[in-house]
Amino acid sequence: MSSKRTQATSGKRWVIKVGSSLITRDGHGLNMQAISVLASQLAGLVASGKEVILTSSGAIAAGMHRLKWQKRPRAIFELQAAAAVGQMGLIQAYESCLQQHGLHSAQVLLTHADLQDRKRYLNARTTLRKLLEMKTLPVVNENDTVSTDEIKFGDNDTLAALVSNLVEASILVILTDQEGVYDSPPGDQSSGTLIDEISANDPLLDQAAGPSNRPTGRGGMRTKIVAARIAARAGASTIIASGNTRKVLTRIANNDPCGSLLLPNAEPLVARKQWIANQLYTRGELVLDDGACTVIRKSGKSLLAIGVEGVKGNFDRGEVVSCTNHDGQEIARGLTNYSADEARKLKGRLSTEIEAVLGYVDEPELIHRDNLVIL
C-alpha cells in the first residue's frame, strides 16, 4: 500500500467528478443503474465521515435524449436549451438515488465568472461549506444555460478542480472511461504502462494527454491533467480512474491500487493566491524584460514598472493581469495597482518617477508580491 495514496485519501473533504460517458447510455439518456451504483458509493463515503462534493457532467446529453436529438448541436442557444431540459432529469436522478440512502442533495450551478469575482467566490465557498456542515451532498455543475463561454470553451474537469480549491479539498477524484493516465501518447496505449504515481507537474503527462473522442463529452485526458495541476496549487492530490471499475470509490477510499495518483509537488498557495492563480481569463498582459522575469521567478519580489516593456489590453486597478516574457509565456499573474492607461505611462520608469508621471502615487509597485503568483 502506497503511503502517498494513504495520505491522499485520508483527508476529510473530497471532490468527485463524473464524466458523461459513465452516467449516460452513449448520449441516449441517463443510465439510472449507473447513477444508483454511484449514489451508493457516495453514501458510503459520507457514512465513513467524508465530506463529499459531486461535479457531474451529463446535463446536455440527458437533454438531447429528452428532446430526441441524435447529434450534439453546435449552436449555442441549442446547447443551452439541451442543458436546461437535461438538468432537470440529471438532478432528479441524483436526488432520488441519494435519498434511498438517507442523504439530501443540493443543486449548485456555477459559472467561471462566479469564481472570478472575489465576492461571489467567497459567497460560493460559504454556501458549499454550510451544505457540507448540514450533511448535504452538493451536486455542482456549470450553469450552461447562461454561460456561453463555458459551453464553448469550458469543461467540468476544470470546474471540479476550481471547486476543490474553493472548499480546500484534500483530494480530487476524476472518474472517466479510462483506467487512468498511461505513459504513452493517446492511441498508443497498447504499448504503454498505466502510471501509478506521478507529480502533477511532471512533463511526461503532457505527452500522455490528448483530446476527447467522445461525442457527448468535452474533456479528454488533457483537461484532466490540467485539472490536477490546478488542484495541486491548493495542495490537493488527484486520482484519475475508471468509473467502470466495480466499487471504484470504495476501492480508492481503501487505498487499493486504482487509477493514477497525481501529486502536488510544492507548498499550497494561500487562499487569496489560489484565487488569483485560478482565474481562467485575465484582463490584460504585462510584457516583462528578462531581468524582471528572473527577479520574480527566483526572488519572489514585487513587480516594478521599470521591468515592464509592454502593456496589452484594457484593465482597471485591482484586476487580474498576466505577466509574460518576450516569447509570450505566462510566468506569473497578479492584481495590478494601476490601470492599463496608467501602466503604459509608467512602463520602464523608476518607482520614484510615478508621482511625476501621473501626478499621484497609489503604490510603488505595479503588482505587490502578496498579490503576485508565480506559475
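Here, each number is a calculation from the coordinates, and none is a lab measurement. Being a predicted model, the structure only gives us computed values, none of them experimental. Positions of Cβ are generated from backbone atoms using ideal geometry, with glycine treated the same way; all protein chains shown enter the neighbour counts.
The trypsin sites (Lys or Arg not before Pro) of segment 1-65 meeting both criteria, a DSSP state outside H, G, I, E and B (loop) and at most 15 other C-beta atoms within 10 angstrom of the site's C-beta, are 12, 25.
Need one number: % antiparallel among DSSP beta bridges in the chain, to the nearest 5.
Values: 19 of 51 bridges.
Taking every DSSP beta bridge within the chain, about 35 percent pair in antiparallel fashion.
Report the net charge of residues surrounding residue 313, where surrounding means a beta-carbon distance below 9 angstrom and charges are Lys +1, Arg +1, Asp -1, Glu -1. Each step should come with its number before you reach the end.
Numbers: positive: 283, 312; negative: 285.
So the surrounding residues net to +1.
Please compare each pair in 119/224; 50/130; 50/247; 119/273; 17/50 to a cut-off of 19 Å on the Cα-Cα distance and tell me which ones are over it. In this structure, 119/224 lie more than 19 Å apart at Cα.
By the combined test of axial Cα extent (at least 18 Å) and Kyte-Doolittle hydropathy (mean at least 0.5), the qualifying DSSP H helices of the chain come to 32-47, 76-99. Taking the chain as a Gaussian network of alpha-carbon nodes connected by springs under 10 Å, the highest mean-square fluctuation of the residues 161, 232, 209 belongs to 209.
Local charge for residue 263 was computed over the other residues whose Cβ lies under 12 Å away, with Lys and Arg +1 and Asp and Glu -1, and equals 0.
Its DSSP H runs of at least 4 residues, each contributing -39,500 (n - 2.57), put the calculated 222 nm mean residue ellipticity of the chain at -11500 deg cm²/dmol, to the nearest 500. The 3J(HN,Hα) values that the Karplus relation (6.51, -1.76, 1.60; θ = phi - 60°) gives for segment 317-334 are, in residue order, 4, x, 8, 7, 10, 8, 10, 10, 8, 5, 8, x, 6, 6, 9, 6, 8, x Hz. Gly and Pro appear as x.
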